[in-house]
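Data block below; observations after.
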Amino acid sequence: MLEKDIEKVFYSEAQIQERVKVLGQQISEDYQDKNPLVVGVLKGAVPFLADLVRAINVHLEMDFMDVSSYGSAFVSSGEVRILKDLDTVVEGRHIILVEDIIDSGRTLKYLVELLKHRKAASVKIVTMLDKPEGRVVDMEADYIGFDVPNEFVVGYGLDYIENYRNLPYIGVLKPAVYENAD
Ligand code: PRP
Ligand code: MN
Ligand code: MG
């Protein structure tokens, strides 16, 4: 079972779900009659996006992008490359970019600039987690679930070598998990 690998829970399933409801209500108020295009950044954003859109009570469309930053499991390098582009025309659309976490800020910086270049009517960012201490470039979300300290967190979309995304809560792995990975 997955729990045995978890050292500490940062945000429980109940805390996350409560926070998602509030974010959904705020977004509903801000996007009435705007038919926003909600863009999930694969793969980490998927669990959050799935919960968030069901907490939003206005018409919206969904689309996905997959980008990759070159780097190791722990540290991203800053170079971003598109693996899957949007299917939707961006010009004139109100975009809501959904992320599981903002760390260095590089992924979102790249995506925001790309969407502005494609003449989006507006681009806003909603992230479940913000790790301000990780920031390398200027990037601030418009809607934030929770702040996290500068630790490697997993769950609710966040992976360690592609695992643990399906945890319904956010936590820190036991050191033994990393030791066994070699
Ligand atoms: C992670 C995370 C964010 C990004 C944040 O994605 O889901 O998308 O890194 O880091 P940054 O602010 O330093 O750019 P990752 O590239 O690991 O892909 P994944 O979502 O498929 O795990
Ligand atoms: Mn991601
Ligand atoms: Mg990842």
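Only one of the listed residues (GLY105, GLY157, GLY92) is out of contact with any Ser or Thr (no Cβ under 9 Å at 6 or more places or on another chain), within 15 Å of ligand 1 (Cβ to nearest atom), farther than 28 Å from LEU2 by Cα and at pLDDT 95 or above. That residue is GLY105. Condition check for ILE82 on (1) within 14 Å of ligand 2 (Cβ to nearest atom); (2) surrounded by 18 or more Cβ atoms within 10 Å (Cβ to Cβ); (3) assigned to a strand (DSSP E or B): one failure, at (2). Scanning the range 143-152 for residues that are within 16 Å of ligand 3 (Cβ to nearest atom) and touching a Lys or Arg at 6+ places or on another chain (Cβ under 8 Å) returns a single hit, VAL148. Scanning the range 167-182 for residues that are loosely packed, with under 13 Cβ neighbours inside 10 Å and within 16 Å of ligand 3 (Cβ to nearest atom) yields one hit, ALA181. Take the conditions (1) part of a loop (DSSP other than H, G, I, E, B); (2) away from ligand 2 (no atom under 16 Å from the Cβ); (3) surrounded by 18 or more Cβ atoms within 10 Å (Cβ to Cβ); VAL123 misses just one of them, which is (1).
Take the residues in the range 21-45 that are outside any strand (DSSP E or B) and crowded, with 18+ Cβ neighbours inside 10 Å; name whichever of them is nearest to ligand 2 (Cβ to nearest atom).
Restricting to residues being outside any strand (DSSP E or B) and crowded, with 18+ Cβ neighbours inside 10 Å, the top hit is GLY44.
For TYR143, indicate whether it is hydroxyl-bearing (Ser, Thr, Tyr), farther than 19 Å from GLN17 by Cα, touching a residue at least 12 places away in the same chain (Cβ under 8 Å) and in contact with a strand residue (DSSP E or B) (Cβ under 9 Å, 6 or more places away or on another chain). So TYR143 fails the test.
The values are calculated or read from the model by the stated rules, or taken from the named source; none is laboratory data. Given the structure is predicted, the values throughout are model-derived calculations rather than measurements. Methodologically, a virtual Cβ is constructed for each residue, glycine included, from the backbone with ideal geometry; neighbour enumeration extends over all protein chains shown.
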